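Values quoted throughout were computed directly from the atomic coordinates according to the rules given, and no laboratory measurement underlies them. It should be emphasised that the depicted structure is a prediction, and the values quoted were computed from it without experimental measurement. FYI the Cβ positions are ideal-geometry reconstructions off the backbone, even for glycines, and counts take in every protein chain you see.
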Amino acid sequence: MLIDSSTAAIVTGGASGLGRATAEAMAAAGIKVAIFDLNATLGEAVADAIGVLFCDVDITSEDSVIAGFAKARAAHGQERIVVHCAMTSRRGKTLAFDKEAGRLKRLSTEDYSYGVNGILVASYRIASLAAEGMAALQPLDDGERGCITLTASVAAQDGQIGQVIYGSAKAGVNGLVLPMARDLSDLGIRVNSIMPGIFATPLMLGAKPQVLESLAASVPFPKRLGKPEEFASLAMELARNSYFNGQCIRLDGAIRMAPR
């Protein structure tokens, strides 16, 4: 059982959206939470509001992430729970017509690499550095030392037009889960991922009302956007239930994304 007042947790992207909801749920359960985020102003405000620790972290920088782990561990001790929600990416079609050039233009390898670094490589960075710390902990029931939850997306399976970076990088996140769970099985460290569908995050809520209505109508049931606290609820259950391991779980109201 990882959920108690002696447990430390780290939530990346914890200043908003899915990460904030997860940090709030864990703090409410008495867990000592540190949030990693690049938005220092918002991150400090959220940390103060919910009583957690803020760490200014750029997930694409090894040094920044290592420093964030060091700060969190100095304050709360070695974490047993990590939920990785933060990411950065770019968008574009593999080939798209450029009106100015009057020809098809290829999505650059640089843009593709940027997204893979901000999603897939960052996920490995966070998970592997967390596991390295967890490995030194004393085991709990069943020999468990920790739980790592990564955030993929339904786009990992239903990537749409213009999501060649995002979809393939999120598929890569799912691809990390089983081999990493097996790598870490002798150490009692579990690894899972959540694939959220269309959620009511601040970024999504910036869309026009008619767009949001259309998106909500596309969900089979319930016909609405997912609530960040529903993501947080699943993240909590993955930490609580030690038989969840090596799983990539859709949380999407049964939606299957159309090509566009």
*Which of the residues that make up region 21-45 are touching a strand residue (DSSP E or B) at 6+ places or on another chain (Cβ under 8 Å) and either among the polar types (S, T, N, Q) or closer than 23 Å to L2 by Cβ (or both)?*
T22, A23, M26, A27, I31, K32, V33, A34, I35, F36, D37
*In this structure, does G226 turn out to be within 19 Å of the chain's Cα centre (by Cα) and at positive phi?*
no
*Within region 101-125, which residues are free of Cβ contacts under 8 Å to residues at least 40 places away in the same chain and of a type in the set (G, A, S)?*
A101, G102, S108, S113
*Hey, among D142, D183, D98, which residue is acidic (D, E) and either touching a Gly at 6+ places or on another chain (Cβ under 8 Å) or within 25 Å of D58 (Cα to Cα) (or both)?*
D142
*Within the set of pairs 6 or more residues apart or between chains, which connect a residue that is on the phi > 0 side of the Ramachandran plot inside region 240-260 to a residue that is surrounded by 14 or more Cβ atoms within 10 Å (Cβ to Cβ) and β-branched (V, I, T) with Cβ atoms less than 9 Å apart?*
G246/V177; G246/V191; G253/I198; G253/V219; A254/V219
*Does at least one position in region 162-170 carry a residue that is assigned to a helix (DSSP H, G or I), farther than 30 Å from P259 by Cβ and either touching a residue at least 12 places away in the same chain (Cβ under 8 Å) or of a type in the set (A, V, I, L, M, F, W, C) (or both)?*
no
*asked:* Quick check on my filter: what residues within region 218-260 are in a loop (DSSP other than H, G, I, E, B) and among the charged types (D, E, K, R)?
replied: K223, R224, K227, D252, R256, R260
*For I148, state whether it is touching a strand residue (DSSP E or B) at 6+ places or on another chain (Cβ under 9 Å), crowded, with 23+ Cβ neighbours inside 10 Å and under 18 Å from L95 (Cα atoms).*
no
_Can you tell me which of (1) touching a Lys or Arg at 6+ places or on another chain (Cβ under 9 Å); (2) in a loop (DSSP other than H, G, I, E, B); (3) over 22 Å from G118 (Cβ atoms) is the one I59 doesn't meet?_
(3)
*Does T88 fit the bill of being over 28 Å from S242 (Cα atoms) and either within 13 Å of the chain's Cα centre (by Cα) or surrounded by 20 or more Cβ atoms within 10 Å (Cβ to Cβ) (or both)?*
yes
*Meets criteria (closer than 16 Å to V191 by Cβ and in contact with a strand residue (DSSP E or B) (Cβ under 6 Å, 6 or more places away or on another chain)) for A86*: no
*Hey, I194 hits all of (1) of a type in the set (V, I, T); (2) assigned to a strand (DSSP E or B); (3) over 16 Å from I255 (Cβ atoms) but one; which does it fall short on?*
(3)
_Step by step: first the residues of region 158-176, then only those that are among the β-branched types (V, I, T) and buried (at least 23 other Cβ atoms within 10 Å of the Cβ), then the one that is farthest from T109 (Cα to Cα). Which residue is that?_
V173
*asked:* So for region 78-89 (the condition being touching a Leu at 6+ places or on another chain (Cβ under 9 Å), free of Cβ contacts under 8 Å to residues at least 24 places away in the same chain and either farther than 23 Å from N174 by Cβ or of a type in the set (D, E, K, R) (or both)), does at least one residue qualify?
replied: no
